[in-house]
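**Q** My questions will all concern the structure given below.
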């Protein structure tokens, strides 16, 4: 199933569920009786159903509510659908108030809750259907030419997009002499070398459907020869354009008499307007979160001051445009393997980063953005990586909700950070905050039950003991740390 077709089927299922949810909300409000008063009540709800169909169609196109476009992650699905459903119900309630039509608010509340739960169920059912097809072998088998960072990232992105129904079965890469291709099948632990003429037979033996070129410096004579042979044998060929680092710009494919041109376009976003909006949200929401965090922060500060003599420490980090600032953090060593149980708990639950809310209010940081890194790391940035410094660093970001932490390379985190900068919006920021809260909530629930040793043993047998949904949710909660560098 093509991604576009899947999006249409999900939208159709959403619209059908909206009608069913309207009927169920009426039943929950008025019961199973069907007298004249009940018919009038449900007739008054019908305009809301029509408005729901129109608004949800618009939201689905604008917010990509199939929830597969950015890679499947259930916390992201929950946050995106929650924001869209909340916005929909807000517009419906506002329209009902302006129209001065009496409609049961309890029925509308039932309608909103049922919509949200049903929309989540539809997307999880779609994910389960794709998974069953994947396990049944109804997938396109892909071989990637290349073993560098681009090839590895491509394989990870294919894995994160189940709607593509693709499976990477191996990697090909040119040998040093440029005459042979080393083939690394999925089942092999070590690569083998075969002549170029034997590659097609090997690809056909593995039932490869598509060959993707992802080479940093392609050996064009051999690659062109291989590409021609693949097309003769019905194997589709795709390629990642170079230089891949330019992907922060939007691309437009132009055909000039058969000559393809990739035109780079700047994102259609006013960073000035976006920065003003972010600053307003940072001050308002950051101050609120700081007040809410005080009951957890003050006891930790007092305890650390009693144990170490200093509760909060400052770390020099690079902020917007490379400017230095002092980032606040509770005085807990990292990693806290040899620290007290209290300090390990603070780090495990990310409470060590709560003082950074003051950095947000003060203007050094934002709630959402690339995590700030040390000047030593920034000095090693490439020009491509330095683009992440055009905005204020954040407490959480796209890289963090995908599980990247301090031990991951700056390049890995930069790819997510620049992807975030490509399409910045208030909805994206709120969605990332909701995903962070979801991750922290799951970790808080799990922490009393699992010691580090039990956690390690649990993860070792994770695939055998849990469903795909729990696997994805709990693994993400364990590895993701919103505050990690």
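**Q** For segment 103-123, what are the residues that are surrounded by 17 or more Cβ atoms within 10 Å (Cβ to Cβ) and either within 22 Å of residue 157 (Cβ to Cβ) or without any contact (Cβ under 8 Å) to a residue 40 or more places away in the chain (or both)?
**A** Correct list: 112, 116, 123.
**Q** Would you be able to say whether some residue in segment 33-48 is modelled with pLDDT of 90 or more and surrounded by fewer than 17 Cβ atoms within 10 Å (Cβ to Cβ)?
**A** no
**Q** Which of the following residues is touching a residue at least 12 places away in the same chain (Cβ under 8 Å) and within 18 Å of the chain's Cα centre (by Cα): 395, 390?
**A** None of the other options fit; the residue is 395.
**Q** Within 26 Å of the chain's Cα centre (by Cα) and closer than 23 Å to residue 289 by Cα: which single residue out of 367, 328 fits that description?
**A** 367
**Q** So for segment 150-157 (the condition being in contact with a helix residue (DSSP H, G or I) (Cβ under 9 Å, 6 or more places away or on another chain), surrounded by 14 or more Cβ atoms within 10 Å (Cβ to Cβ) and at pLDDT 85 or above), does at least one residue qualify?
**A** Checked segment 150-157: no residue is in contact with a helix residue (DSSP H, G or I) (Cβ under 9 Å, 6 or more places away or on another chain), surrounded by 14 or more Cβ atoms within 10 Å (Cβ to Cβ) and at pLDDT 85 or above.
**Q** I need the full set of residues from segment 292-339 which are at pLDDT below 90, part of a helix (DSSP H, G or I) and either touching a strand residue (DSSP E or B) at 6+ places or on another chain (Cβ under 8 Å) or closer than 23 Å to residue 437 by Cα (or both), in order please.
**A** 296 - this is the single residue of segment 292-339 that is at pLDDT below 90, part of a helix (DSSP H, G or I) and either touching a strand residue (DSSP E or B) at 6+ places or on another chain (Cβ under 8 Å) or closer than 23 Å to residue 437 by Cα (or both).
Residue-wise test of (1) modelled with pLDDT under 80; (2) under 23 Å from residue 397 (Cα atoms); (3) part of a helix (DSSP H, G or I); (4) not assigned by TED's automatic domain parsing to the domain that holds residue 345.
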residue	(1), (2), (3), (4)
417	no, yes, yes, no
421	no, yes, yes, no
430	no, yes, yes, no
433	no, yes, yes, no
436	no, yes, yes, no
441	no, yes, yes, no
444	yes, yes, yes, no
449	yes, no, no, no
455	yes, no, yes, no
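**Q** Then there's this: What's the number of the only condition in (1) assigned by TED's automatic domain parsing to the domain that holds residue 18; (2) modelled with pLDDT under 90 that residue 118 fails to meet?
**A** So residue 118 meets the others, but not (2).
**Q** Of the residues 151, 155, only one is in the same structural domain as residue 223 (by TED's automatic domain parsing), in a helix (DSSP H, G or I) and free of Cβ contacts under 8 Å to residues at least 24 places away in the same chain; which?
**A** When all the criteria are applied, what remains is 155.
**Q** To continue, here is another question. When segment 370-391 is examined, which residues are found to be out of contact with any helix residue (DSSP H, G or I) (no Cβ under 8 Å at 6 or more places or on another chain) and closer than 14 Å to residue 317 by Cα?
**A** Of everything in segment 370-391, those that are out of contact with any helix residue (DSSP H, G or I) (no Cβ under 8 Å at 6 or more places or on another chain) and closer than 14 Å to residue 317 by Cα turn out to be 372, 374, 375, 376, 379.
**Q** Here's something else I'd like to know. Among (1) assigned to a loop (DSSP other than H, G, I, E, B); (2) in the same structural domain as residue 172 (by TED's automatic domain parsing); (3) within 24 Å of the chain's Cα centre (by Cα), which single condition is residue 65 missing?
**A** (2)
**Q** Looking at (1) at pLDDT below 95; (2) in the same structural domain as residue 375 (by TED's automatic domain parsing); (3) within 20 Å of residue 389 (Cα to Cα), find the lone condition where residue 266 falls short.
**A** Status for residue 266: all satisfied but (2).
**Q** So which residues in segment 115-125 are within 14 Å of residue 6 (Cα to Cα) and within 18 Å of the chain's Cα centre (by Cα)?
**A** If the condition is that a residue be within 14 Å of residue 6 (Cα to Cα) and within 18 Å of the chain's Cα centre (by Cα), then 123, 124 are the ones that fit.
**Q** A follow-up question, please. Working only within segment 367-387, note down all residues that are touching a residue at least 12 places away in the same chain (Cβ under 8 Å) and outside any loop (DSSP other than H, G, I, E, B).
**A** Once the filter is applied, which keeps residues that are touching a residue at least 12 places away in the same chain (Cβ under 8 Å) and outside any loop (DSSP other than H, G, I, E, B), segment 367-387 yields 367, 368, 375, 377, 378, 385, 386, 387.
**Q** Here's something else I'd like to know. For residue 244, all conditions in the list (1) exposed (fewer than 11 other Cβ atoms within 10 Å of the Cβ); (2) on the phi < 0 side of the Ramachandran plot; (3) modelled with pLDDT under 90 hold save one; what is the number of the exception?
**A** (1)
The values are calculated or read from the model by the stated rules, or taken from the named source; none is laboratory data. For clarity, every value in this text was computed on a predicted model and none was experimentally measured. As a convention, Cβ positions derive from the backbone with ideal geometry for all residues, glycine included, and neighbour counts pool all protein chains shown.
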